[in-house]
Amino acid sequence: MQESPVVERPVMFQTWRDLTFLHWRYPAADVQALLPRGLTVETHDGDAWVGLVPFVMAGIRAPWVPALPWLSRFPETNVRTYVRGPDGRSGIWFFSLDADRLAPVVVAHLTYSLPYVWSAMSVRVDGPVHHYRCRRHREPGRRCDATVRVGAPIPEPDALATFLTARHRLYSVRDGGMVAADAEHGPWPLREAELLDLDQNLIEAAGLPAPVGDPLPHASAGVLVRVSGWRRVRTGS
């Protein structure tokens, strides 16, 4: 995967904390069918991968503006896959992003055209055990409850872990055209993880078949992030 870009003029600062990455293999055709024109699903060992990533969003602020405690920190869970854009760059496509604060959900819809969903959520950290809870307000029954035990550091992530986590570009569709934004951050401090319990149907809510088998888990304490504004994506740009 590509190295982190340098975002010289960030429009937003964020901290992503207490993350768990849960990934399943999927047939590439199943994922490609849900992508917009211009994006091609990326595969590893012949399969596409779909991620379920719960975490805490913290320290959100615009340049020269302090973070507001109530608005700038909240749980989030995203469902995502990995793509190559028309510019030839690797990135992330989000099927959904559940968040616990209504105001950021509205702002993200208006400014970033991302598929945010307002949900009742919590993250509780009990030593090495992380508990994540999500219930969508307007879609009764849509949920994600996960309990994970965080393990030892991974000093040298393998090729698959790097493929799944070293992503610094996100794609979206805005006003009928493809756009991209970059997220500058350091390498993920990845750790081993053990999934203790999972009850979710957010992946199915995205239009995908239910995942089969146990996911591949990773965890991370998090990273500091500088986010760029959107720019139009053209072939080779």
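The values are calculated or read from the model by the stated rules, or taken from the named source; none is laboratory data. Source: prediction; values computed, not measured. Don't worry about glycine lacking a Cβ; one is built from the backbone with ideal geometry, like all the others, and counts go over all protein chains shown. Accessible surface areas use protein heavy atoms only, side chains included; no ligands, DNA or RNA. Shrake-Rupley method; radii C 1.70, N 1.55, O 1.52, S 1.80 Å.
Are there trypsin sites (Lys or Arg not before Pro) in segment 1-88 that DSSP marks as loop and that have at most 11 other Cβ atoms within 10 Å, and which are they?
Qualifying residues, ordered by number: Arg37.
Tell me, in nm to one decimal, what length is gained between Val212 and Ser113 on full extension, where the rule is 0.36 nm per residue of separation less the Cα-Cα distance?
Full extension from Val212 to Ser113 adds 32.6 nm.
Whenever you get a sec, compute what percent of the accessible area on segment 153-194 sits on carbon and sulfur atoms (1.4 Å probe).
51 percent
Using a simple spin-label model with points 7 Å from Cα along the Cα→Cβ vector, what separation in nm is obtained for Glu192 and Arg234?
5.0 nm
Enter the mean projected area of the convex hull around the alpha-carbon atoms of the chain, in nm², rounded to one decimal. Spell out each step's value before the answer.
Working: hull surface 49.8 nm².
Result: a mean projected hull area of 12.4 nm².
Roughly speaking, what is the stretch gain from Asp145 to Glu8, that is 0.36 nm per residue apart minus the C-alpha to C-alpha distance, in nm to one decimal?
45.6 nm
Quantify, in whole percent, the carbon and sulfur part of the accessible surface of segment 1-123 (1.4 Å probe; protein heavy atoms only).
Working: 3270 of 5480 Å².
Carbon plus sulfur share of accessible area: 60 percent.
Can you sort Glu184, Glu3 by 1.4 Å-probe accessible area, starting with the largest?
On the way: Glu184 45, Glu3 165 Å².
Accessible-area ranking of Glu184, Glu3, largest first: Glu3, Glu184.
Using only DSSP helix segments of four residues or longer, with each worth -39500 (n - 2.57), what per-residue ellipticity at 222 nm results for the chain after dividing by its residue count and rounding to 500? Please report the intermediate quantities before stating the final value.
Values: 4 runs with 27 residues, N = 237.
Computed ellipticity for the chain at 222 nm equals -3000 deg cm²/dmol.
Return a whole-number percent for the relative contact order of the chain, with Cα pairs under 8 Å and 6 or more residues apart as the contact set.
Once divided by the residue count of the chain, the mean separation gives 26 percent.
Given a 1.4 angstrom probe, what's the average accessible area per residue across the chain, in square angstrom?
Result: 47 Å² of accessible area for each residue.
Can you give me the Cα centroid spacing of segment 191-237 and segment 1-39 in angstrom?
7 Å
DSSP loop trypsin sites (Lys or Arg not before Pro) in segment 122-216 with at most 16 other Cβ atoms within 10 Å of their Cβ, which ones? If you can, show how the numbers build up before the last one.
Values: sites: Arg124, Arg133, Arg135, Arg136, Arg138, Arg142, Arg143, Arg149, Arg167, Arg169, Arg174, Arg191; in loops: Arg138, Arg142, Arg167.
Passing both the DSSP loop test and the Cβ count: Arg138.
Springs between alpha-carbon atoms under 10 Å, Gaussian network over the chain: tell me which of Asp182, Asp126, Asp18 tops the mean-square fluctuations.
Between Asp182, Asp126, Asp18, it is Asp126 that shows the largest mean-square fluctuation.
Would you calculate the separation in nanometres between label points at Ala166 and Asn201, each defined as 7 Å from the Cα along the Cα-to-beta-carbon direction?
Distance between the two pseudo-spin positions: 3.8 nm.
Once a ≥ b ≥ c are taken as the square roots of the eigenvalues of the Cα gyration tensor of segment 116-237, is the result rounded (a/c under 1.5), prolate (a/b larger than b/c) or oblate (a/b not larger than b/c)? List each step's numbers first, then the result.
Values: a/c = 1.86, a/b = 1.20, b/c = 1.55.
Oblate, because a/c is 1.5 or more while a/b does not exceed b/c.
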